[in-house]
1. Given contacts defined as C-alpha pairs under 8 Å and at least six residues apart, what's the relative contact order of segment 362-465, whole-number percent?
2. Could you tell me the accessible area of F448 in Å² (1.4 Å probe, neighbours in place), rounded to the nearest ten?
3. So what are the three principal axis dimensions of segment 96-177 from its Cα atoms, in whole Å, longest to shortest?
4. Under 12 Å between alpha carbons, and skipping anything fewer than 8 positions from K50 in its own chain: which aspartates and glutamates qualify?
5. Which residues in segment 568-584 have a backbone N closer than 20 Å to a point placed 7 Å from the Cα of A530 along the Cα-to-Cβ line?
6. Choose one of L368, L315, H275: the residue whose Cα lies farthest towards the positive end of the charge dipole of segment 267-392 (beta-carbon charges +1 Lys, Arg; -1 Asp, Glu; about the Cα centre).
7. Please name whichever of T346, G324, L507 sits farthest to the positive end of the charge dipole of the chain, dipole taken about the Cα centre and charges placed at Cβ: Lys and Arg +1, Asp and Glu -1.
8. Could you list which residues have their amide H under 5 Å from that of M502, counting only those 5 or more apart in sequence or on another chain, with H placed in the peptide plane?
Amino acid sequence: MTTLSRPPADPSAPRPGAGDHFKNWLLFGLQDAKGIHQGPGAVSDSHLKKHTWWQVMCLTGVDYFSTLGYQPAIAALAAGVISPLATLVLVAVTLLGALPVYRRVAGESPRGEGSIAMLERLLPRWGGKLLVLMLLGFAATDFMITMTLSAADATAHAIENPFAPDWMQGQNVAVTLVLLAMLSAVFLRGFKEAIGVAVVLVGLYLGLNVIVVVTTIFEVIGHPVAVDNWWLALTTQHGNPLMVVGIALLVFPKLALGLSGFETGVAVMPQIRGHATDTEVSPEGRIKGARRLLTTAAVIMSAFLVTTSFTTVVLIPEQEFQPGGQANGRALAYLAHEYLGNGFGTVYDLSTIAILWFAGASAMAGLLNLVPRYLPRYGMAPEWARAVRPLVLVFTFVGFLITWLFDADVDAQGGAYATGVLVLMTSAAVAVTFSARSKRQRKRTIGFGIIAVVFIYTTVANIFERPEGIRIAALFILGIIVISLLSRIRRSFELHATHVRMDTPALEFLAANETGPIAIIAHEPLRLSAQAYRDKLTSAIEVSHLPLDYQALFLEVVVDDSSDFETELEVRGVVRHGYQILEVHGPVVPNTIASVLLHIRDVTGLMPHIYFRWTEGNPFTNLLRFLAFGEGEIAPVTREVLREAEPDVTRRPWVHVG
């Protein structure tokens, strides 16, 4: 005896064509990819494997630590001989500003929502949604430029290697596109065990950087003339020490790339293994681990930034930092080849290329988890956006476009990257300031307020210095807002309820009718006088020919926040002025009514009939009111929502209008 795992195929059924196979492959796994793409934004789940905080630090470190591949060169090009002093200012901002802010964010968003969710709670309704969409635009800028800039810098390391074949020279765009295509192919196939790979890459990369830093420090000590030349250039160009400090304070925003990594550090929190006593409400172990992660990563990165900014400026000729120079975008690799030989330098190049490419993987994972976190909940994502592969193709296309527009130039993309990073950090500083104020923590409010001012200054200075960054971010913001609003309009006639519950009185009202149909009168909750209910009942009896002895059952929808989309409905049975009323709170009147009617049909097995009056006013104006405020043309929209939700007309609740 055998058991079939599935019924035999119908031989008369048409075979699926190539197009059907491609569509099934493309839309495979419409559920989110939290178990596959363990990157920034991954959502916690009880069955998913958790990791120690230092292992998760390596996951965010492929983004944060990989900036060593290009940060020293960008700093030297932007700030010149002042680069080491400007880097000290950057480190102070990191340890005294960004670190306290994100330690607070970790405590208030332990599920990895980050500062965006904190700000979302501060602004209700459409204002909050619009703010989130704008911040998502900056986050998209951050992640997309991370992909393209990291791939471009990996290309620079590959091409400048002395063993690179001649045909690669001048092919920066082509090689970068190949790296992005390889990244896309990995995600299209499926991407697992990201943390295990990240631990190996980060451990190897940091170990090689320690060797380079120690070697170059000894080289500087052994050649004091080089230090004297640097100091002479510093004092000659910029005068007295106070002037040097002032200029360092002014130019440090150019080094803002060294601040990246904190937002992703909070986003990967769900991957951290907490204490056995942790709960979803109070995951103290996870929060403690996240704070260790942030602190350790910041201290490690600060040490590397200070040492490398000094050794690179002292040991590398200024002209080598310029476009076309051997140290442009790869200062530490230049030192590795110069002082440790081409063999070690090649190993360093390969390690740098690997971690930069994997930083793109981390950014891609962040995008794939960021989109489902907010947009579907707002009804602002197309249905195919729930699948991983279409999003991968979209992000890859955008990455190709950015690479082509910027000619795979690392320096040219730095402004857009810094803008995305700084805006997110500024939003975090503002969020924790308001959080401390709401909890009446006066000293912390002042402290976080000062940090917020510093980040606002840094962001504004970066925008004025490199305006192309805000232009790129504006394009991302505009694209997200337009696509989101069009998607919201297109999905306006869908059911919004994720669940419908009815309390005992509501069920008792329905149980009184044993034979059906169940007649329900729609009523506006703003008119609650006894006369209003009496007039509505009289009108329904006269216009819709209800029985004179009809026991009235009213349905009232109270609109709380019309900007919400997915929501759980709680239906309460109340008695007001002797009339039985089903009261429910929801974001949109027609969609909420349709959800309640379908639930009543399924619970009782009887067909509900809903009775409306025609809405006064211009139909177009009423449609706009429905889209923006959840009200307006109620009756025809309710019927349309029911038609889309229930194709079988014999099972569809009836809508009467008079």
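1. Computed value for segment 362-465: 21 percent relative contact order.
2. 20
3. 58, 31, 21
4. E193
5. Answer for segment 568-584: 574-582.
6. H275
7. Selected residue: L507.
8. Result for M502 returns V571.
The values are calculated or read from the model by the stated rules, or taken from the named source; none is laboratory data. Quick caveat, the model's predicted, so the values are computed rather than measured. Every residue, glycine among them, receives a Cβ derived from its backbone with ideal geometry; neighbour counts consider all protein chains shown. Quick note on the areas: whole protein, heavy atoms, side chains included, nothing else; ligands and nucleic acids left out. Shrake-Rupley method; radii C 1.70, N 1.55, O 1.52, S 1.80 Å.
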